[in-house]
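Engineer: First, the structure itself, so that you have it in front of you.
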Amino acid sequence: QVQLVESGGGLVQPGGSLRLSCAASGIISTINVMGWYRQAPGKERELVAHIFSGGITNYADSVKGRFTISTDNAKNTVYLQMNSLKPEDTAVYYCHASRVGSGINYWGKGTLVTVSS
């Protein structure tokens with residue numbers, strides 16, 4: 001199996017930046033997409049961004065232009081650079097990994113991002 005461990009969450013003021021990290025370990029050779037989801041209190045979990053093998057990325061409209069997803073393959077790590085943060089970005093952010101079409105999904109435990117003045 002694959003284990004995902006997020007880090008980098010915290011408290012940041014509106015307009016500030018944070019970088020989230022997700023380190024993957026285990027049997028990761030079959031993974032071809034990784035991403036970030038978030039869940040705010042009382043809301044459903046939603047896709048923030050994902051990145052496919054080869055570097056193709058997708059972003060939620062709400063974060064497009066502000067967030068950037070990237071990977072460091074040597075470290076088996078995916079990052080989410082979050083700029084121009086807004087209070088509505090406040091959520092628990094979860095790392096996700098899967099293989100397209102496999103039906104197998106891996107989740108981290110989440111890291112809390114709070115955007116507040």
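Engineer: I'm trying to understand the selection: among the residues of segment 36-57, which are part of a loop (DSSP other than H, G, I, E, B) and acidic (D, E)?
Structural biologist: Of everything in segment 36-57, just one residue is part of a loop (DSSP other than H, G, I, E, B) and acidic (D, E), namely E44.
Engineer: Quick check, is L11 assigned to a strand (DSSP E or B), loosely packed, with under 13 Cβ neighbours inside 10 Å and either in contact with a helix residue (DSSP H, G or I) (Cβ under 7 Å, 6 or more places away or on another chain) or at pLDDT 95 or above (or both)?
Structural biologist: Answer is yes for this residue.
Engineer: Further, regarding this structure: For residues that are open to solvent by 50 Å² or more (accessible area, probe 1.4 Å) and modelled with pLDDT of 95 or more, scanning just segment 38-51, find the one that is nearest to T114 (Cα to Cα).
Structural biologist: Ranking the candidates gives Q39 first.
Engineer: Taking segment 39-92, which residues are in contact (Cβ under 8 Å) with a residue 24 or more places away in the chain and polar (S, T, N, Q)?
Structural biologist: Q39, S62, T71, N76, T77, Q81, N83, S84, T90
Engineer: Also, I was wondering about something else. Residue by residue through segment 9-67, note down the ones that are more than 11 Å from the chain's Cα centre (by Cα) and of a type in the set (F, W, Y).
Structural biologist: Within segment 9-67, F52 is the sole residue that qualifies.
Engineer: Consider T90 carefully, then state whether it is out of contact with any Asp or Glu (no Cβ under 8 Å at 6 or more places or on another chain) and over 22 Å from S116 (Cα atoms).
Structural biologist: It is false that T90 is out of contact with any Asp or Glu (no Cβ under 8 Å at 6 or more places or on another chain) and over 22 Å from S116 (Cα atoms).
Engineer: Filter segment 80-105 down to residues that are assigned to a strand (DSSP E or B), at pLDDT 95 or above and open to solvent by 30 Å² or more (accessible area, probe 1.4 Å), then give me how many there are.
Structural biologist: Residues flagged as assigned to a strand (DSSP E or B), at pLDDT 95 or above and open to solvent by 30 Å² or more (accessible area, probe 1.4 Å) within segment 80-105 amount to 3.
The values are calculated or read from the model by the stated rules, or taken from the named source; none is laboratory data. What you are looking at is a predicted structure, and each value in this text was computed from that prediction instead of being measured. Methodologically, a virtual Cβ is constructed for each residue, glycine included, from the backbone with ideal geometry; neighbour enumeration extends over all protein chains shown. Please note that ligands, DNA and RNA were not included when accessible areas were found on the heavy atoms of the full protein model with its side chains. Shrake-Rupley method; radii C 1.70, N 1.55, O 1.52, S 1.80 Å.
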